[in-house]
Amino acid sequence: MTKQPLSRRRFLKITGLTVAGVALAGSGLGYTATLTPAVATPAFHLEGENTMNQRILVTYATRAGSTAEIAAAIGESLAARGYTVDVTPVKEKPDPAAYAAVVLGSAIRMNGWLPEAVEFVKTHQAVLAGLPVALFTVHLLNTGDDDASRAARAAYLAAVRPLLPDAEAVYFAGLMDYARLSFLDRTIAKMVKVHEADHRDWAAIRSWMPAALAA
Ligand SMILES: Cc1cc2nc3c(=O)[nH]c(=O)nc-3n(C[C@H](O)[C@H](O)[C@H](O)COP(=O)(O)O)c2cc1C
């Protein structure tokens, strides 16, 4: 990852290359290239001291693990505030109906949320509509403070925003670690000169609290 915010042009190059890569994988020749190294997907329960004993779900979708690590940190912050928290990968299909509020996060790949996070919102739209919901997005492009970057970040939520029009949304810069990527993804990242770097601002991540839970 370069120090400069990456341009939309570079992102479009990433998209084109990945479409080509998927075609290769689909042909059967590129199967090995798409194998992703094992990634830790933490799931844990933290008992809070809040007398209201509100139970919060923090659920997330990740490919290379950085979103999982951010979800874990958010869960710990909520527990430190007294909430009882379950941190669970969205792939484990948690039931939001069992919770007082939901924090849902996804990594960005190819300009959008991961499909399993979108699927979670679609499946549970009715329940989520009746709960405080906060969305966190982990990405590397469009991190600037300018209007264009802000608009591009907001567009990452295109698949879920119509279903959750009132949900709070926050964006965190993520991680590029080639060792966590498939050969194909690593090749794409190198070709578009997205260098290895950890852009996560842990102070910002740990101090973030969904507005509905901050009181
Ligand atoms: C193949 C690939 C595509 C990506 N596409 C985007 C993108 O379109 N926009 C963006 O801001 N970041 C993009 N990223 C950066 C990831 O969102 C970032 O590395 C994030 O920390 C990954 O989260 P994870 O470790 O939980 O999978 C991409 C990364 C890879 C490897």
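The values are calculated or read from the model by the stated rules, or taken from the named source; none is laboratory data. All of these numbers come straight from a predicted model, not from anything done at the bench. No Cβ is skipped: glycine too gets one built from the backbone with ideal geometry, and neighbour counts run over all protein chains shown.
A few remarks follow.
- Filtered by the rule that a residue be of a type in the set (D, E, K, R) and either within 16 Å of the ligand (Cβ to nearest atom) or at positive phi (or both), region 49-101 gives R63, E69, K91, E92, K93.
- When each of A203, A159 is tested for being in a loop (DSSP other than H, G, I, E, B) and closer than 21 Å to G105 by Cβ, the lone residue that passes is A159.
- Residue in region 191-198 that is outside any loop (DSSP other than H, G, I, E, B), out of contact with any helix residue (DSSP H, G or I) (no Cβ under 9 Å at 6 or more places or on another chain), more than 16 Å from L57 (Cβ to Cβ) and near the ligand (Cβ under 10 Å from one of its atoms) present: yes
- Residue that is surrounded by the fewest Cβ atoms within 10 Å (Cβ to Cβ), among those in region 109-119 that are modelled with pLDDT of 95 or more and within 15 Å of the ligand (Cβ to nearest atom): P115
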